[in-house]
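S.K.: First, the structure itself, so that you have it in front of you.
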Amino acid sequence: MTKSQLIAIVAKKAHLTKKASNDAVESLFEEIIRAVKKGEKVVISGFGTFYISKVGDKQVVPFGNEEKRQTIKGHKVVNFRVGKPLKKEVW
């Protein structure tokens, strides 16, 4: 499903115009991004949880070539943990 398909479905089910539906979907995504960016967990009951975790530094050796050993700096990643109802539907 694409974002435009999601907007069309929301418009139809909520009896909204596509413009109003687009604004609603955009607002939802913006708020999720804002919260995760601040380091907050975003819990959507029945769907799942978005959260940030930190990945430490890693040593990488391409194809066993010790002379070309590189370090990848630690960074943050966004994770998603699926909620039980969604998991039950999918698995």
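Just so it is clear, none of the values below were taken in a lab; they were calculated from the coordinates. Computed from a prediction, not measured in an experiment: that's the story for all the values here. Neighbour counts are summed over all protein chains in view; Cβ atoms, including those assigned to glycine, are modelled from backbone coordinates with ideal geometry.
S.K.: For the range 41-91, rounded, prolate or oblate, judged on the Cα gyration tensor with a ≥ b ≥ c (square roots of eigenvalues), a/c < 1.5 rounded, else prolate if a/b > b/c?
M.R.: Oblate shape, in that a/c is at least 1.5 and b/c is the bigger or equal ratio.
S.K.: With θ set to phi - 60°, apply the Karplus curve 6.51 cos²θ - 1.76 cosθ + 1.60 along the range 13-18 and write out the HN-Hα couplings as whole Hz, x wherever there is a Gly or Pro.
M.R.: 6, 9, 6, 10, 6, 5
S.K.: Same structure again: Please compute the contact order of the chain in relative form: average sequence separation of alpha-carbon pairs under 8 Å and at least six residues apart, divided by the residue count, as a percent.
M.R.: Once divided by the residue count of the chain, the mean separation gives 21 percent.
S.K.: Can you give the net charge of the other residues whose Cβ lies under 11 Å from the Cβ of A11, counting K and R as +1 and D and E as -1?
M.R.: +3
S.K.: Shifting gears a bit: Say R0 is 30 Å: what FRET efficiency, to the nearest 0.05, do V82 and Q59 get from their beta-carbon distance?
M.R.: Once the sixth-power term is evaluated, E becomes 0.45.
S.K.: Which loop trypsin sites (Lys or Arg not before Pro) in the range 1-75, with loop taken from DSSP, have no more than 10 other Cβ atoms within 10 angstrom of their Cβ?
M.R.: Those that pass, being in a loop and sparsely packed, are K38, R69, K73.
S.K.: Something else now. Could you size up the charge dipole of the chain around its Cα centre, putting +1 on the beta carbon of Lys and Arg and -1 on that of Asp and Glu, and report it in debye to the nearest 20?
M.R.: So the magnitude is around 180 debye.
S.K.: Using the Karplus curve 6.51 cos²θ - 1.76 cosθ + 1.60 with θ = phi - 60°, what ³J(HN,Hα) values do you get for each residue of the range 27-44, in whole Hz, with x for Gly and Pro?
M.R.: Values per residue, Gly and Pro as x: 4, 4, 5, 4, 5, 5, 4, 4, 5, 5, 4, 6, x, 7, 7, 10, 10, 10 Hz.
S.K.: Which value in Å does the Kirkwood hydrodynamic radius of the chain take, with 1/r averaged over all unlike C-alpha pairs and then inverted?
M.R.: It works out to 16.4 Å.
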